[in-house]
Amino acid sequence: MRRRHASRGERREREFEAFVAGAAGRLLHAATLLTAEAPDDNPRARRLLTHALAHTYACWERLRGEDPYDRARQYLATRFARAAWHQYGALGRGRPAPGSALALLAPQERLIIVLRLYEGVGEEQTAALLGLPAERVRTICDRATATLLHPPRRPAAPAVRGGAKAVPS
């Protein structure tokens with residue numbers, strides 16, 4: 001009996017290690033996009049990935065034919081949304097320090113862009129995952145895409161020559 005439990009545990013560990021070897025890079029990239037951190041300095045994204053992988057490992061036996069990548073991605077998205085809600089009070093407010101193009105977007109916009117465009121999740125699936133109507137997901141995705149394609153212009157700083165102050169006309 002113990003041998004059977006031990007072999008089941010070993011098989012579970014091998015399967016999970018193979019899953020992590022194949023999926024961790026893409027999940028980390030998705031988490032980095034969500035947090036809008038730099039790829040080489042992404043502690044929040046790594047923490048998010050660790051939680052998602054730990055959750056996936058905890059429910060590994062219950063997956064029963066379900067794709068573990070989908071489960072990990074779903075947990076990654078919901079954990080990010082929950083953290084953004086707690087940090088900013090709502091998914092629409094607060095922005096990270098500017099470091100990437102996605103830093104222009106609100107957390108909810110980043111989440112929808114990453115799920116829809118990077119991960120290729122369907123509109124209806126994204127809506128169900130976030131508890132939003134599909135039309136709302138489409139609208140947010142369109143608005144976020146427009147923001148990324150046409151970022152708001154920053155006012156130019158006045159030029160200063162020879163130590164003299166620029167006088168507005």
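The values are calculated or read from the model by the stated rules, or taken from the named source; none is laboratory data. These figures come from a predicted structure and were not determined experimentally. Positions of Cβ are generated from backbone atoms using ideal geometry, with glycine treated the same way; all protein chains shown enter the neighbour counts. For accessibility, only protein heavy atoms count, side chains too; no ligands or nucleic acids. Shrake-Rupley method; radii C 1.70, N 1.55, O 1.52, S 1.80 Å.
Roughly speaking, what is the stretch gain from Arg143 to Glu15, that is 0.36 nm per residue apart minus the C-alpha to C-alpha distance, in nm to one decimal?
42.1 nm
Tell me the carbon and sulfur percent of the accessible area for segment 40-89, rounded to whole percent, probe radius 1.4 Å.
Taking all protein chains in place, segment 40-89 shows 50 percent carbon and sulfur surface.
Using protein chains only and a probe of 1.4 angstrom, how many square angstrom of Val114 are accessible, to the nearest 10?
Accessible surface of Val114 is approximately 10 Å².
What does the accessible area per residue of segment 17-87 come to in Å², with a 1.4 Å probe and no ligands, DNA or RNA counted?
I get 54 Å² per residue for this part.
Can you check what the net charge comes to around Cys141, using other residues whose Cβ is under 15 Å from the Cβ of Cys141 (Lys, Arg +1; Asp, Glu -1)?
-1
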